[in-house]
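Student: Got a structure for you, written out below as structure tokens; questions coming shortly.
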Amino acid sequence: EEPKSKSKICANVFCGAGRECAVTEKGEPTCLCIEQCKPHKRPVCGSNGKTYLNHCELHRDACLTGSKIQVDYDGHCKEKKSENPAASPVVCYQSDRDELRRRIIQWLEAEIIPDGWFSKGSNYSEVLDKYFKSFDGGDTRLDSNEFLKFVEQNETAINITTYVDQETNKLLRGLCVDALIELSDENADWKLSFNEFLKCLNPSFNPPEKKCALEDETYEDGAETQVECNRCVCACGNWVCTAMTCEGKNQ
């Protein structure tokens, strides 16, 4: 018998918000996190205090991070003012890192040229090689500045707008580039050889989910904790803290 189409298999399957129906190799329906939301702009503020481009992006992030995020209200999140604001550090979460990586891969895959009758095209690793050579400063390694310049070549790749102001987003971009380098930097020199660069942006490579450790406990990405007067956030396996002094407080 003919294999059923996706629309038939998924016809009566209802997936929760942020998920979509997909067909397994066995031809059975399954619910997976939405791969790509439509880019329509209707910002919402999540219960985690993060602004999302639209409802779909919020539910997709909740699905990817395995956390419960609800819509607090429509529009950008308003900065909470308190008597002693404990500012959160600017961090690149795993979802930000993976989103940036997904956009870069999408952009690079669009540059693949199939072989013609009389002309040789260029495959994925050749596209990467072209960019690697044009941004490498001559030591056959890409450092974070060179990688950032490579990323900034593409408008969609750089538009991760987790924060409202441009300056913070620029900082976030740099932090996410560092997080991408850390993914495949096997010799821990904070530079990527071509093979490490290839591994980092290999579409079939699934970045591992890292947790943070603190006093014999492990914490999920995005977890927050207070250390004296500073707020610390778990991001990509590392604790990142604000650097505030405890002046004016009773020690």
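Student: Within segment 42-68, can you find the residues that are among the aliphatic types (A, V, I, L, M) and assigned to a loop (DSSP other than H, G, I, E, B)?
Tutor: Selection gives L53 alone.
Student: Hey, any hits in segment 190-202 for a residue that's surrounded by 11 or more Cβ atoms within 10 Å (Cβ to Cβ), at positive phi and touching a residue at least 12 places away in the same chain (Cβ under 8 Å)?
Tutor: The answer is yes; a qualifying residue exists.
Student: Could you list, in sequence order, the residues of segment 203-224 that are in contact with a strand residue (DSSP E or B) (Cβ under 9 Å, 6 or more places away or on another chain) and without any contact (Cβ under 8 Å) to a residue 12 or more places away in the chain?
Tutor: Hits for segment 203-224 are A213, T218, A223.
Rundown of residues vs (1) over 16 Å from D61 (Cβ atoms); (2) within 21 Å of the chain's Cα centre (by Cα); (3) surrounded by 15 or more Cβ atoms within 10 Å (Cβ to Cβ); (4) not charged (D, E, K, R), yes/no style:
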| position | (1), (2), (3), (4) |
| --- | --- |
| S7 | yes, no, no, yes |
| A11 | yes, no, no, yes |
| A22 | yes, no, yes, yes |
| I34 | no, yes, yes, yes |
| P39 | no, yes, no, yes |
| P43 | no, yes, yes, yes |
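Student: Just to be sure before I move on: is G116 over 22 Å from K191 (Cα atoms) and either surrounded by fewer than 13 Cβ atoms within 10 Å (Cβ to Cβ) or modelled with pLDDT of 90 or more (or both) in the structure I sent?
Tutor: Yes, satisfied.
Student: Can we say D61 is crowded, with 18+ Cβ neighbours inside 10 Å, modelled with pLDDT of 90 or more and in contact with a helix residue (DSSP H, G or I) (Cβ under 8 Å, 6 or more places away or on another chain)?
Tutor: Yes, satisfied.
Student: Among T168, T162, which is closer than 19 Å to R103 by Cβ, at pLDDT below 85 and crowded, with 16+ Cβ neighbours inside 10 Å?
Tutor: T162 is the lone residue from the list that is closer than 19 Å to R103 by Cβ, at pLDDT below 85 and crowded, with 16+ Cβ neighbours inside 10 Å.
The values are calculated or read from the model by the stated rules, or taken from the named source; none is laboratory data. Predicted model only: the values in this text are computed from it and were never measured. Cβ: placed from backbone, ideal geometry, glycine included. Neighbour counts: every protein chain shown.
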